[in-house]
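What follows is a short report on a single structure.
The values are calculated or read from the model by the stated rules, or taken from the named source; none is laboratory data. From a predicted model like this one, the values you see are computed outputs, not experimental measurements. When we count neighbours, we look across all protein chains shown, and the Cβ atoms used for this are built from the backbone with ideal geometry, even at glycine.
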Amino acid sequence: MGLNRLKRAGLFPVDFLAVISEDSMKPLCKKYGIDYVEHDNLPLGRKKNFGLTEAFKKDWDYLIELGSDDVLKTELLELYRPYFQSNPLLHLSTFCYLNSIDLDCRLINTSVSYGMGRAIERSTLEKCARGVEIQAMDDLMCPGRSVFKGGIGFFKKKDAEVMEKVGQAKVLSDEKYKIWNDEINKRLDNNSNFFLARNGVMGHQIRSDEPMAIDIKSEENIWAFNKEAGTPYDLTSALKGLSEEEKQAILNL
């Protein structure tokens, strides 16, 4: 519902790709016209990297990340508009946590970069996130990609091929895109932000007084709802700007 609201707004031409792990999600994607690919749910790092690689088969300028428990406000796209084309990485400052059990709502205003709503420029990812996995036959030093002997690294294809020819590494994979550690299930935002920073990509945080996204928490979330986080926030204000069907679906939780 939220994705179709973003499309109907007409602020930008938008396209969507879901990375699903359950057959039960296929009818949902088909119902709302969302393209999808399939991958095991765990480890999450591997799943997200697979989705990133698949996304490059589509035509886009910026990739906006959205978890299955997140809702973006339409205003976020308008807020980002002046910064597109001049910033490689954009992230929001203000969002809400919403407890699906009792609809308790908390406002988060932070200078920390979260993955929710993060927008990354395609050309930036082409430069730093494209490569092949290698096994190091020697200690390999490279900005943002150093790996000790015996370890598994991720290097640009041309560099990996040179290292393989001189016996420093063995290429293990086809070319793909990767900004997360394949084996992790938590702290994926920090992990990917560190990868980007090590490759010279620093984020630009866009400030707002009102929340630009809602993170809906349940017992199945990696991080449970924290009633001590942020400050109390009015639910009606949090849902402002969402479609009536979205609001009703959330209230029905």
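Being within 30 Å of L253 (Cβ to Cβ), in contact (Cβ under 8 Å) with a residue 40 or more places away in the chain, in the same structural domain as T53 (by TED's automatic domain parsing) and not aliphatic (A, V, I, L, M) is a property that D189 lacks. In region 235-247, the residues that are in the same structural domain as D215 (by TED's automatic domain parsing) reach residues that are small (G, A, S) and in a helix (DSSP H, G or I) with C-beta atoms within less than 9 angstrom, at least six apart or across chains, in these pairs: L242/G2; S243/G2; E246/G2. Here I216 clears all of (1) in a strand (DSSP E or B); (2) among the hydrophobic types (A, V, I, L, M, F, W, C); (3) within 15 Å of the chain's Cα centre (by Cα) except the condition numbered (3).
Please count how many residues of region 68-92 are surrounded by fewer than 16 Cβ atoms within 10 Å (Cβ to Cβ) and either in contact (Cβ under 8 Å) with a residue 40 or more places away in the chain or among the small types (G, A, S) (or both).
Qualifying residue count, region 68-92: 5.
When region 224-234 is filtered for residues that are farther than 14 Å from T110 by Cβ, assigned to a loop (DSSP other than H, G, I, E, B), out of contact with any strand residue (DSSP E or B) (no Cβ under 6 Å at 6 or more places or on another chain) and touching a residue at least 12 places away in the same chain (Cβ under 8 Å), the ones remaining, listed by number, are K227, D234.
Checked against (1) part of a helix (DSSP H, G or I); (2) surrounded by 13 or more Cβ atoms within 10 Å (Cβ to Cβ), S173 passes all but condition (1).
Is it true that some residue in region 65-75 is of a type in the set (S, T, N, Q), part of a helix (DSSP H, G or I) and either more than 30 Å from G131 (Cβ to Cβ) or within 16 Å of the chain's Cα centre (by Cα) (or both)? Yes, there is a match, as at least one residue in region 65-75 is of a type in the set (S, T, N, Q), part of a helix (DSSP H, G or I) and either more than 30 Å from G131 (Cβ to Cβ) or within 16 Å of the chain's Cα centre (by Cα) (or both). Remark: pairs (first residue in region 40-51, in the same structural domain as G115 (by TED's automatic domain parsing) and within 16 Å of L66 (Cβ to Cβ); second residue polar (S, T, N, Q) and surrounded by fewer than 21 Cβ atoms within 10 Å (Cβ to Cβ); Cβ separation under 6 Å; 6+ apart in sequence or on different chains) = L44/N185.
Within region 185-201, the set of residues being surrounded by fewer than 19 Cβ atoms within 10 Å (Cβ to Cβ) and either in contact with a Leu (Cβ under 7 Å, 6 or more places away or on another chain) or in a helix (DSSP H, G or I) (or both) comprises N185, D189, N190, N191, F194, A197, R198. The single condition from (1) at pLDDT below 95; (2) closer than 18 Å to G115 by Cα; (3) in contact with a strand residue (DSSP E or B) (Cβ under 8 Å, 6 or more places away or on another chain); (4) outside any helix (DSSP H, G or I) that N181 fails is (3).
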